[in-house]
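Worksheet: the structure to be examined is printed underneath.
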Amino acid sequence: MQHGNYRAGLIAVLALIAGSAEAQKGIESGLRTPNAYLDAEINNGIVTLKAHDVTVKRLVEEIAHRGAIRLMLNTALDERVTLEFRQLPLQQAVDRILRGRNYALQYLPPPCSTVNPGARVQGTLWVFSDDAHPAEAAADDTGIVRIAVPDPAGSGNDEATVLLAAALGDWDASVREEAVDVLGDLSGEAAIPLLEQALVDPDSDVQEAAIAALADIGGEQAARALATALNDDNAALRENTVDALGDIGGKTATRLLQRALADQERLVRDAAAEHLAELLNQQD
């Protein structure tokens with residue numbers, strides 16, 4: 001009888017130990033890192049995201065997919081991250097995801113009056129391999145937000161220029177225009193040959209963007225590139241080219257402005273004469 005009691009007690013103790021082991025396993029499994037997951041939502045340019053152990057590339061791909069944003073990558077983005085935020089504007093969300101990486105984001109935010117809660121933004125996100133620190137965000141009068149345009153002195157600009165050069169061949173004129181804008185900010189004189197190519201783009205907005213970018217870069221090389229636009233059939237484009245040459249100044253610009261004095265369009269001739277007079281006054 002005592003033997004039976006001893007055996008029953010031993011079985012009970014073993015059962016208790018086994019139960020404790022199973023309980024410990026349950027506790028440990030609860031402490032283990034869960035599997036990778038990603039949940040993202042974009043409504044009217046506002047992003048809510050929850051992700052665990054997901055690559056940065058996967059995050060930006062998801063944001064691009066849900067926001068109807070073209071994604072142009074020139075770096076691997078293989079780092080895995082865990083990230084969570086709610087109700088962040090798109091540019092802030094991208095900044096949180098990329099965390100100091102060199103990128104440029106251009107998009108037109110939905111108007112505040114938009115009533116469709118599922119409306120998606122449209123734009124382009126470039127991600128470069130350059131390690132330079134991003135610049136502050138800035139919005140122009142069209143509402144397009146430009147973020148983290150790389151430092152022109154950055155070491156990765158050659159790679160970024162290659163990426164943007166590819167965008168100049170995109171079927172969508174808005175992408176080509178965005179590429180011209182970023183290219184002018186990014187590469188300085190290195191961008192001039194590509195901007196000269198954009199001067200003969202079939203879309204006038206792309207051409208205008210190239211003229212403005214060349215005017216911002218300035219110098220003799222930029223002025224020489226603008227000679228291409230002086231031969232365009234669009235008189236308004238030729239007039240804007242004359243204005244850009246007047247802003248650049250210098251010997252090449254002066255020579256081209258003199259040539260524009262013979263333009264068939266009076267507005268172009270008048271603009272050329274006005275800028276030549278200003279340049280001559282500056283020399284005095």
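The values are calculated or read from the model by the stated rules, or taken from the named source; none is laboratory data. Just so you know, these numbers come straight off a predicted model, no measurement behind them. In this analysis, Cβ positions are derived from the backbone assuming ideal geometry, glycine residues included, and neighbour counts consider all displayed protein chains.
Computed quantities for the displayed model
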read-out	value
Residue in segment 223-246 that is among the hydroxyl-bearing types (Ser, Thr, Tyr) and farther than 21 Å from residue 165 by Cα present	yes
Residues of segment 220-232 satisfying the condition of being among the charged types (D, E, K, R) and closer than 17 Å to residue 271 by Cβ	232
Condition check for residue 40: more than 18 Å from residue 105 (Cα to Cα), of a type in the set (Gly, Ala, Ser), out of contact with any His (no Cβ under 8 Å at 6 or more places or on another chain) and free of Cβ contacts under 8 Å to residues at least 60 places away in the same chain	yes
Test: residue in segment 208-219 that is on the phi > 0 side of the Ramachandran plot and surrounded by fewer than 19 Cβ atoms within 10 Å (Cβ to Cβ)	yes
Failed condition for residue 188, given (1) modelled with pLDDT under 90; (2) within 20 Å of residue 257 (Cβ to Cβ)	(2)
Complete set of residues in segment 62-82 that are within 15 Å of residue 96 (Cα to Cα) and surrounded by fewer than 15 Cβ atoms within 10 Å (Cβ to Cβ)	79, 80, 82
Residue tally, condition within 15 Å of the chain's Cα centre (by Cα) and surrounded by fewer than 19 Cβ atoms within 10 Å (Cβ to Cβ), over segment 44-60	1
In segment 49-59, the residues that are out of contact with any helix residue (DSSP H, G or I) (no Cβ under 6 Å at 6 or more places or on another chain) and assigned to a helix (DSSP H, G or I)	56, 57, 58
